[in-house]
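The values are calculated or read from the model by the stated rules, or taken from the named source; none is laboratory data. All figures in this text were calculated on a predicted structure; none of them were measured in a lab. Ideal geometry is used to build each Cβ from the backbone, glycine not excepted, and the neighbour counts take in all protein chains shown.
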Amino acid sequence: MRLSQAAQAAGVSKQTVEYYCMLGLVRPLRPPHRRGRFFDAGLVKRIALIHRLNASGYTLRSIRETYLRHR
């Protein structure tokens, strides 16, 4: 799905998804035969989880460090 659809499915704004991508928290798929960024169900779940963690007090930095460490 496209960025706007992923944002809606995760319950966040398009700007939030773009920000998470910019920080490296989410890496959208870029199929070679299609233009743009695409998000599968797993990425939508990750976006929603990051948003919930951030809303409950975790910083995006700590979320990124934890995510990258366990990757």
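Residues of the stretch 32-71 that are surrounded by 16 or more Cβ atoms within 10 Å (Cβ to Cβ) and touching a strand residue (DSSP E or B) at 6+ places or on another chain (Cβ under 9 Å): Arg37, Phe38, Phe39, Leu43. The residue that is nearest to Arg61 (Cα to Cα), among those in the stretch 5-41 that are at pLDDT below 95 and of a type in the set (Gly, Ala, Ser), is Gly24.
Among the residues of the stretch 45-68, are any in contact with a Leu (Cβ under 7 Å, 6 or more places away or on another chain), in contact (Cβ under 8 Å) with a residue 24 or more places away in the chain and assigned to a loop (DSSP other than H, G, I, E, B)? The answer is no, given that none of the residues of the stretch 45-68 is in contact with a Leu (Cβ under 7 Å, 6 or more places away or on another chain), in contact (Cβ under 8 Å) with a residue 24 or more places away in the chain and assigned to a loop (DSSP other than H, G, I, E, B). Within the stretch 1-40, the residues that satisfy the criterion of being without any contact (Cβ under 8 Å) to a residue 12 or more places away in the chain, part of a helix (DSSP H, G or I) and farther than 17 Å from Tyr67 by Cβ are Ser4, Gln8, Lys14, Gln15.
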